[in-house]
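See below for the structure under consideration.
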């Protein structure tokens, strides 16, 4: 799926999220340089949340999620749902230190599946609809918002 240039920086960040999502799921193949034990994956997930996921969520929430509700009621509902998923994923990851060693693999798997589903929905449905329905002048505004956010 080709992305409008205003969405490309956000979309590119999803690659690392998909890799992390797969890493956390049951049956993930070993990835060179990536954690292999449940405890190491937990620590990786906690670091990933702080270093990548929360900044990515902020980027989306301060750019595409601000403009999408203005376009249609359907995009407004998707935006609300995606924001709820952001909070749910954050809560699940933050709770990982409380998981027992027996529960940890299943909790990691659940987070991995939810993160993958979330990203795939944004890419396949939300972004696709947004770039089709957002007028050109709003896409230019979106591009400026994204660039401002990324450049601090």
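The numbers here are math on the coordinates, done by the rules we state, and not lab data. Please read all numbers here as calculations on a predicted model, not as lab measurements. Glycine gets a Cβ as well: all are built from the backbone with ideal geometry, and neighbour counts include every protein chain shown.
With contacts defined as alpha carbon pairs under 8 Å and 6 or more residues apart, what's the relative contact order of segment 8-150 in percent?
Numbers: 108 pairs, mean separation 57.2, N = 143.
So the answer I get is 40 percent.
Mind sorting 41, 80 by how few other Cβ atoms lie within 10 Å of their own Cβ, fewest first?
Going from sparsest to densest Cβ surroundings: 80, 41.
Can you give me the C-alpha center-to-center distance between segment 2-17 and segment 33-91, rounded to a whole angstrom?
With segment 2-17 and segment 33-91 each reduced to a Cα centre, they are spaced 14 Å.
What does the convex hull of the alpha-carbon atoms of segment 73-152 project to on average, in nm²?
Numbers: hull surface 26.8 nm².
Across all orientations, segment 73-152 yields a mean hull projection of 6.7 nm².
Relative to the longest principal Cα axis of the chain, at what angle does helix 8-24 sit, 0 to 90 degrees, rounded to 10?
The answer is roughly 20 degrees.
Nearest 10 degrees, 0 to 90: what angle lies between the long axis of helix 104-121 and the longest principal axis of the chain (Cα atoms)?
The answer is roughly 20 degrees.
Could you identify which residue out of 100, 79, 20 has the top mean-square fluctuation in a GNM of the chain using Cα springs shorter than 10 Å?
Most flexible of the set in this elastic network: 100.
How far is helix 38-48 tilted, in degrees, relative to the longest principal axis of the Cα atoms in the chain, given as a value from 0 to 90 rounded to the nearest 10?
So the helix axis and the longest Cα principal axis differ by about 30 degrees.
So for each of 139-148, 26-35, 125-134 I average, over its residues, the number of other beta carbons within 10 Å; can you give me the resulting order with the highest mean first?
125-134, 139-148, 26-35
If you look at just the Cα atoms of the chain, how large are its Rg and its Dmax in Å?
Cα only, the chain: 16.3, 52 Å (Rg, Dmax).
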